1. Which one is nearest to the chain's Cα centre (by Cα), of the residues in the range A:65-88 that are at pLDDT 95 or above and within 14 Å of another protein chain (Cβ to nearest Cβ)?
2. Being crowded, with 22+ Cβ neighbours inside 10 Å and among the small types (Gly, Ala, Ser) is the filter here; which residues of the range A:27-43 pass it?
3. Would you check if there is a residue in the range B:36-51 being of a type in the set (D, E, K, R), more than 22 Å from residue A:98 (Cα to Cα) and within 13 Å of chain A (Cβ to nearest Cβ)?
4. Among what's in the range A:1-24 and is more than 14 Å from chain B (Cβ to nearest Cβ), more than 13 Å from residue A:107 (Cα to Cα) and not in a loop (DSSP other than H, G, I, E, B), pick the residue that is nearest to the chain's Cα centre (by Cα).
5. Determine which member of the set B:15, B:77 is touching a helix residue (DSSP H, G or I) at 6+ places or on another chain (Cβ under 8 Å) and at negative phi.
6. Is there a residue being of a type in the set (Val, Ile, Thr), modelled with pLDDT under 95, surrounded by 14 or more Cβ atoms within 10 Å (Cβ to Cβ) and not in a strand (DSSP E or B) anywhere in the range B:2-10?
7. Which members of the range A:68-98 meet the condition of being of a type in the set (Lys, Arg), out of contact with any Phe, Trp or Tyr (no Cβ under 6 Å at 6 or more places or on another chain) and surrounded by 16 or more Cβ atoms within 10 Å (Cβ to Cβ)?
8. Name the residues in the range A:25-57 that are without any contact (Cβ under 8 Å) to a residue 12 or more places away in the chain and either in contact with a helix residue (DSSP H, G or I) (Cβ under 6 Å, 6 or more places away or on another chain) or under 14 Å from residue A:105 (Cβ atoms) (or both), would you?
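The values are calculated or read from the model by the stated rules, or taken from the named source; none is laboratory data. All of these numbers come straight from a predicted model, not from anything done at the bench. So basically every Cβ, Gly included, is an ideal-geometry build from the backbone, and we count neighbours across all protein chains shown.
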Amino acid sequence: GDSVTQMEGPVTLSEEACLTINCTYTATGYPSLFWYVQYPGEGLQLLLKATKADDKGSNKGFEATYRKETTSFHLEKGSVQVSDSAVYFCALRSGGSEKLVFGKGMKLTVNP
Amino acid sequence: GAVVSQHPSWVICKSGTSVKIECRSLDFQATTMFWYRQFPKQSLMLMATSNEGSKATYEQGVEKDKFLINHASLTLSTLTVTSAHPEDSSFYICSATKTWTDSNQPQHFGDGTRLSIL
């Protein structure tokens, strides 16, 4: 079945450090890929998405590129802020399906 | 926007009681709503998929009689945890999509309900 594997952390960074959260997937067909963020005590918010190979999703300084050849969707940010402290989930949805499959999530803490 | 409201945000109940959690799409019609359970430091586990006007589809291992789901309108789905016990304590999250026929539509999540059973 479909699955998502991502870095689990937790990870602690200093403000302005670079961030990469690895995410790889296994799926049949051509899935849509998502990154969701969960701030403390809140539900999930869509951070960015990509629906086909080579698409780049971006939002709030975060980027991720849909790499079909490596089945990856790594999340990157050049300079993190304290406000980026949250749990980040990589997810996929296979074509024709309405279900999301999530990775285990990675907790990021950014210190000033 | 696409706002999903979940209520209550936090509930504490005695063992044996039933608890109802509401999930509402405030500014769009949601053909499909999803219910997830999140254990501490773990990912979201899909419990069931709820389509308006029809019976919910439960994931393997989820007790239908324990977790009753009703999706009576295009803006409201409810999850009732019946005869709740301490092991049912968890963070329950709902999500909704605007239309299930468009696979590019993302799911919009509520803020979650923290359920504590004493």
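1. A:88
2. Of everything in the range A:27-43, those that are crowded, with 22+ Cβ neighbours inside 10 Å and among the small types (Gly, Ala, Ser) turn out to be A:32, A:43.
3. Going residue by residue through the range B:36-51, those that are of a type in the set (D, E, K, R) are B:37, B:41.
Narrowing further to those that are more than 22 Å from residue A:98 (Cα to Cα): B:41.
Keeping just the survivors that are within 13 Å of chain A (Cβ to nearest Cβ) gives B:41.
Yes, the range B:36-51 contains a residue that is of a type in the set (D, E, K, R), more than 22 Å from residue A:98 (Cα to Cα) and within 13 Å of chain A (Cβ to nearest Cβ).
4. Step by step, filter the range A:1-24, then rank; the result is A:24.
5. B:15
6. Checked against the condition, which is being of a type in the set (Val, Ile, Thr), modelled with pLDDT under 95, surrounded by 14 or more Cβ atoms within 10 Å (Cβ to Cβ) and not in a strand (DSSP E or B), the range B:2-10 yields no hits at all.
7. Matches in the range A:68-98: A:93 only.
8. Those that are without any contact (Cβ under 8 Å) to a residue 12 or more places away in the chain and either in contact with a helix residue (DSSP H, G or I) (Cβ under 6 Å, 6 or more places away or on another chain) or under 14 Å from residue A:105 (Cβ atoms) (or both): A:42, A:43, A:45.
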